[in-house]
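First comes the structure, then the notes that go with it.
The values are calculated or read from the model by the stated rules, or taken from the named source; none is laboratory data. Note that the structure is a prediction, hence the values are computed from the model and not measured. Glycine also receives a Cβ, built like all others from the backbone with ideal geometry; neighbour counts cover every protein chain displayed. Note: accessible area is taken over every heavy atom of the protein model, side chains too, but ligands, DNA and RNA are not part of it. Shrake-Rupley method; radii C 1.70, N 1.55, O 1.52, S 1.80 Å.
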Amino acid sequence: MHHHLSPLVKPDSVALVGASERPGSVGRIVYENLLAGGYEGRLYAVNPGHRMVLGRESYPSLAAIGAPVDLAIIATPPREVADVLASGASAHLKIAVVMTGTHGLAVAAGRAWSREVVSVAKRHRIRVVGPGALGVIRPDAHLDATYCAPSALPGRLALIAQSGAVATAMLDFATPLGIGFSTVISLGGAIDVGFGELLDLLLLDPVTDGILLYVEDVGDARGFLSALRAAARTKPVVVLKAGRSLDPAVDITPDAVFDAALMRAGTVRVQTYTQLFAAARILARGRIPQGDRLAIVSNGRGPAVLACDAALDRHLRLATFTSETSAKLDALLDDDAPRENPVDVQSDAPPERLAGAVRAALEDPNVDAVVALHVPRPVIPPLKAAEALAAVARTSVKPVLAAWMGAVDRQEVHAALESGHVSNFFTPENAVDALSFLVSYRNNQGWLLEVPPPQPEPEPFDLASVEALRLALAEAKRSVLTSAESFAVLDAFGLARFAVVDSLADALRAADDLHFPLLVELDAFTGPGMQRVVRMRRSLRKAWVELQRIGKDESPPGWTQRFVIRNAPRSANVRGLAIGVVTDRRFGPVIYVRPGTGGNALLRRRALMLPPLNARLAADSIAQAAGDHAADRLDPAIVDALIDVLIRISALVCALPWIVRAEFDVLIDNASFIAAARIEADPRKKLMRGYPHMAIHPYPVELIGDVTLRDGTALHLRPIRPEDAALERAFVNGLSEQSRYLRFFYRMTELTPAMLARFTQVDYDRELALVALATSGDDGAQAFVGVARYIANPDHASAEFAVVVSDAWQRCGVAGVLMRGLIMCARRRGLERLTGTILRANEPMIAFVRSMGFEVDSDPDDSSQVCATLALTPGVNKR
């Protein structure tokens with residue numbers, strides 16, 4: 001595991017600053033835990049007032065140790081922390097866990113203290129976890145640097161908790177259930193190290209199979225989401241977030257936005273400790289249902305009905321058995337027992353009958369998962385029933401969840417169930433809850449692994465006119481846009497055609513260009529009654545007179561004495577909805593869709609989505625807002641029109657950080673029309689390189705362009721997109737066996753679906769893939785002829801690169817074009833080095849990277865490879 005935070009969980013040496021012999025003090029409890037845990041590295045006690053602590057030598061400072069210290073646990077008064085960190089520089093200290101908190105300090109004093117601690121730590125290149133941190137537990141390293149009692153059991157789940165008190169409570173909850181941990185870390189105030197870096201650390205950790213998060217404030221939303229998405233691709237992540245009660249009383253709460261963010265990240269959210277560990281236990285098993293069709297098997301009707309009710313509440317479907325399954329149940333059950341789902345095997349059923357019914361359900365192709373319920377009966381003892389169920393579940397790939405009621409303290413029952421990969425959740429509701437998390441996890445993972453169909457290339461919009469509008473708003477110190485200004489913004493993104501006129505003659509000329517029917521509106525801060533629909537020239541004259549009278553009589557706010565004319569739906573039978581944008585304090589712009597105010601509403605509920613959106617994400621938000629299975633009944637033409645609108649609004653909010661709130665009334669017949677627009681702005685905000693206003697880095701349209709090779713051949717260059725899956729597959733399949741081997745270092749015939757998704761669904765915040773496309777044939781079809789990519793390392797200073805060119809295009813200059821573009825982007829990203837590993841036998845590639853300025857050295861770990869390094873910043877070391 002190579003990560004700059006590895007010394008936090010695998011330190012070679014640990015120092016406790018503030019070690020004490022005083023009973024009940026934090027310094028004594030932590031020292032006792034470190035000693036009792038059996039930590040095998042070098043352990044130092046630091047306290048200037050003691051020569052010995054608990055019979056071991058004590059040092060007056062970190063500098064006095066005279067040896068390097070990987071990890072320091074600081075449990076001193078606040079006033080001493082900055083000096084401790086400064087002293088740590090002499091000990092080459094890498095990471096400090098600051099248990100000291102700001103309790104007792106005034107708010108302003110606490111903030112000033114935190115700023116000083118961060119400043120000193122940065123000056124000496126020391127990373128800080130805390131303040132107010134519980135510490136860190138790493139069972140496989142025998143490291144317990146906390147004041148917890150008891151310590152965590154060893155296991156393969158990692159827990160990152162923002163609150164030390166919550167982490168302690170979770171450990172107390174987990175220990176009796178036999179739930180173990182690979183790592184436990186408390187973040188505390190998170191003034192330096194946050195969730196993002198720790199998620200990256202755990203992603204690389206070979207002893208961590210699943211990750212649990214307790215979150216109060218995510219801090220850096222982009223770093224959090226980027227790391228969360230990366231981790232969730234390979235390890236299940238379950239999140240428990242507190243603080244809903246503290247949300248402001250607004251229509252779209254921060255908690256609702258957090259939910260939308262987790263959906264984009266492919267993770268599962270829970271609401272209680274019980275749910276957190278329930279989800280973690282079953283996700284770690286790796287048995288993920290392929291759908292949401294549930295079968296319930298019970299030896300009592302009451303528990304089965306409770307499970308059915310819970311399934312309904314959690315939007316799970318009861319499976320409909322096939323005739324073959326019904327026949328199997330016929331052979332098992334008494335005459336009066338029902339053969340449909342849920343299955344009641346009756347109170348007098350022996351263990352074999354319960355197990356046989358579960359086997360029949362698992363073998364049914366209409367069933368995705370089974371919940372087995374058991375009530376203690378004299379003829380069906382809990383242990384025998386558990387053993388019979390485990391024997392059946394062990395042979396199935398489908399998840400089986402159990403609720404053995406009345407067996408909370410029967411460890412032999414739990415052990416029997418666990419032997420068959422079955423978790424016991426004690427009650428029907430908890431078992432169904434746990435299954436709902438599995439289904440949510442599968443659905444959210446689909447967002448990460450979905451390969452979208454090909455789509456047109458995104459348009460690099462001309463933003464000169466809207467930038468002029470922003471400057472005008474800033475000069476006027478105005479934040480609300482008039483109708484004409486709003487539609488000028490929409491027009492720049494292909495969302496509206498319009499004209500602004502100040503006379504009837506101009507209105508008639510505009511009507512000839514736009515074509516009837518039209519919407520005519522006062523150019524003002526629009527409100528009710530300020531627009532008219534006109535279907536012919538005579539109606540336009542009448543509407544003009546009416547609106548002009550309204551303008552004179554009511555003087556609506558912002559009226560410019562002008563009128564806005566634009567297209568209207570041709571049909572009177574239109575469907576309506578609203579699409580809006582709000583700005584969240586942490587996650588930036590959020591797009592929502594909701595039902596319109598008219599009676600012919602298209603949607604049933606509101607759905608939130610974090611931009612940027614593609615066609616798949618836009619379609620999912622429409623389906624979510626349409627309600628369960630209602631989206632299947634929507635006219636495909638309407639769905640396509642809405643998808644186009646959502647993608648364009650997504651492009652708008654990505655490119656215009658100064659749009660802080662907006663809502664658009666959208667009318668749909670055979671096309672989409674924006675009937676009204678209300679936009680609020682903060683014109684002080686400008687578009688900055690890297691899109692810092694976004695929680696998820698959007699597609700970098702600014703990198704789209706064309707190049708000409710030295711022989712005059714034109715190529716199209718752009719970043720790769722998720723919709724490029726077919727092109728990427730064809731490119732790799734078209735490489736010769738030798739070229740594939742030199743690129744991937746092993747014999748590979750074809751990309752797996754997971755690899756295909758990984759190569760095309762790029763997180764532009766931490767990686768980039770530039771592709772070169774050539775056009776061939778009369779149909780203008782394009783194909784990849786080269787791909788160059790970098791992926792940033794966890795240190796955020798270096799990145800690994802790779803470049804491959806199709807065999808027919810090698811030695812034509814394609815690799816040079818791609819690498820120069822990649823190097824330019826890496827420099828702009830702030831990276832210091834590009835590094836890569838090349839097979840020693842790949843002599844043309846070695847010669848190529850040398851020509852690009854890379855230094856090439858032997859790989860110290862593998863004699864068949866060489867390492868290539870390019871310093872992107874003057875004075876930066878190679879490593």
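For segment 854-867, how many residues meet the condition of being in a loop (DSSP other than H, G, I, E, B) and surrounded by 12 or more Cβ atoms within 10 Å (Cβ to Cβ)?
Let us first name the residues in segment 854-867 that are in a loop (DSSP other than H, G, I, E, B), namely 854, 859-864.
Right, trim to surrounded by 12 or more Cβ atoms within 10 Å (Cβ to Cβ) and you get 854, 859, 862.
Adding up the residues that qualify gives 3.
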Open item on the list: I'd like the full set of residues that are in contact with a strand residue (DSSP E or B) (Cβ under 9 Å, 6 or more places away or on another chain) and either among the hydroxyl-bearing types (Ser, Thr, Tyr) or farther than 25 Å from Ala797 by Cβ (or both), limited to segment 829-841.
Closed with: Thr835, Thr837, Leu839, Arg840
Task: Number of the exception - Gln290 against (1) touching a strand residue (DSSP E or B) at 6+ places or on another chain (Cβ under 7 Å); (2) open to solvent by 70 Å² or more (accessible area, probe 1.4 Å) - done: (1)
TODO: Take the residues in segment 719-761 that are more than 24 Å from the chain's Cα centre (by Cα), among the aromatic types (Phe, Trp, Tyr) and open to solvent by 20 Å² or more (accessible area, probe 1.4 Å), then tell me which one is nearest to Thr234 (Cα to Cα).
DONE: Phe744
- [ ] Looking only at segment 106-114, decide whether some residue is closer than 29 Å to Leu204 by Cα, aromatic (Phe, Trp, Tyr), in contact with a helix residue (DSSP H, G or I) (Cβ under 9 Å, 6 or more places away or on another chain) and touching a residue at least 24 places away in the same chain (Cβ under 8 Å).
- [x] no
TODO: Only residues that are polar (S, T, N, Q) and not in a helix (DSSP H, G or I): list them for segment 716-772, please.
DONE: Ser736, Thr749, Thr752, Gln761
Task: All positions within segment 248-272 that are surrounded by fewer than 17 Cβ atoms within 10 Å (Cβ to Cβ) and in a helix (DSSP H, G or I) - done: Asp255, Asp259
TODO: Scan segment 300-309 and give yes if some residue there is modelled with pLDDT of 90 or more and under 30 Å from Ala232 (Cβ atoms), otherwise no.
DONE: yes
TODO: Determine whether Asp83 is acidic (Asp, Glu) and buried (at least 17 other Cβ atoms within 10 Å of the Cβ).
DONE: no
Open item on the list: Restricting to segment 310-320, and then to whatever is open to solvent by 30 Å² or more (accessible area, probe 1.4 Å) and in a loop (DSSP other than H, G, I, E, B), can you tell me which residue is modelled with the highest pLDDT?
Closed with: Thr320
- [ ] Identify the single condition in (1) of a type outside the set (D, E, K, R); (2) open to solvent by 50 Å² or more (accessible area, probe 1.4 Å); (3) at pLDDT 95 or above that Val660 does not satisfy, given that it satisfies every other one.
- [x] (2)
- [ ] Using the structure shown, decide if Ser245 is open to solvent by 10 Å² or more (accessible area, probe 1.4 Å) and over 20 Å from Ala695 (Cβ atoms).
- [x] yes
Open item on the list: Given the options Asp706, Asp711, name the one that is farther than 21 Å from Leu613 by Cα, out of contact with any strand residue (DSSP E or B) (no Cβ under 6 Å at 6 or more places or on another chain) and either assigned to a loop (DSSP other than H, G, I, E, B) or open to solvent by 40 Å² or more (accessible area, probe 1.4 Å) (or both).
Closed with: Asp711
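So that you can scan it fast, the table gives a plain yes or no per residue for (1) in a helix (DSSP H, G or I); (2) under 23 Å from Phe563 (Cβ atoms); (3) modelled with pLDDT of 90 or more; (4) in contact with a Ser or Thr (Cβ under 6 Å, 6 or more places away or on another chain):
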| residue | (1), (2), (3), (4) |
| --- | --- |
| Ala415 | yes, no, no, no |
| Leu438 | yes, no, no, no |
| Asn444 | yes, no, no, no |
| Gln455 | no, no, no, no |
| Ser465 | yes, yes, yes, no |
| Leu469 | yes, yes, yes, no |
| Ala472 | yes, yes, yes, no |
| Arg478 | no, yes, yes, no |
| Ala484 | yes, yes, yes, no |
Task: Residue ID - modelled with the lowest pLDDT, chosen from residues in segment 328-386 that are β-branched (Val, Ile, Thr) and buried (at least 23 other Cβ atoms within 10 Å of the Cβ) - done: Val345
Open item on the list: Checking Leu703 against (1) closer than 30 Å to Val520 by Cβ; (2) more than 21 Å from the chain's Cα centre (by Cα); (3) of a type in the set (A, V, I, L, M, F, W, C), only one condition comes out false. Which one?
Closed with: (1)
Open item on the list: Give me the strands (runs of 3 or more DSSP E) completely within segment 118-185, filtered to those with at least 3 residues that are closer than 28 Å to His414 by Cβ, ordered by residue number.
Closed with: 154-161
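Tell me which residues, restricted to segment 22-41, are touching a helix residue (DSSP H, G or I) at 6+ places or on another chain (Cβ under 9 Å), surrounded by fewer than 17 Cβ atoms within 10 Å (Cβ to Cβ) and touching a residue at least 24 places away in the same chain (Cβ under 8 Å). Before the answer, list the steps.
Our first condition is that a residue be touching a helix residue (DSSP H, G or I) at 6+ places or on another chain (Cβ under 9 Å); within segment 22-41, this holds for 22, 37, 39-41.
This time we only want the ones that are surrounded by fewer than 17 Cβ atoms within 10 Å (Cβ to Cβ), so: 22, 40-41.
Answer for segment 22-41, where residues must be touching a helix residue (DSSP H, G or I) at 6+ places or on another chain (Cβ under 9 Å), surrounded by fewer than 17 Cβ atoms within 10 Å (Cβ to Cβ) and touching a residue at least 24 places away in the same chain (Cβ under 8 Å): Glu40, Gly41.
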- [ ] Return the only residue of Pro611, Pro657 being in contact with a Leu (Cβ under 9 Å, 6 or more places away or on another chain), within 29 Å of Met530 (Cβ to Cβ), of a type outside the set (A, V, I, L, M) and in a loop (DSSP other than H, G, I, E, B).
- [x] Pro657
- [ ] List the number of the failed condition for Thr102; all other conditions in (1) modelled with pLDDT of 95 or more; (2) among the hydroxyl-bearing types (Ser, Thr, Tyr); (3) open to solvent by 20 Å² or more (accessible area, probe 1.4 Å) hold.
- [x] (1)
Open item on the list: If the requirement is being modelled with pLDDT of 95 or more and open to solvent by 40 Å² or more (accessible area, probe 1.4 Å), which of these qualifies: Asp192, Asp220?
Closed with: Asp192
Task: Subset tally (residues that are surrounded by fewer than 17 Cβ atoms within 10 Å (Cβ to Cβ) and in a helix (DSSP H, G or I)) for segment 817-833 - done: 4
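Yes/no per residue for (1) assigned to a strand (DSSP E or B); (2) within 27 Å of Asp140 (Cβ to Cβ); (3) in contact with a strand residue (DSSP E or B) (Cβ under 8 Å, 6 or more places away or on another chain); (4) small (Gly, Ala, Ser):
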| site | (1), (2), (3), (4) |
| --- | --- |
| Pro7 | no, yes, yes, no |
| Pro11 | no, yes, yes, no |
| Leu34 | no, yes, yes, no |
| Tyr44 | yes, yes, yes, no |
| Ser61 | no, no, yes, yes |
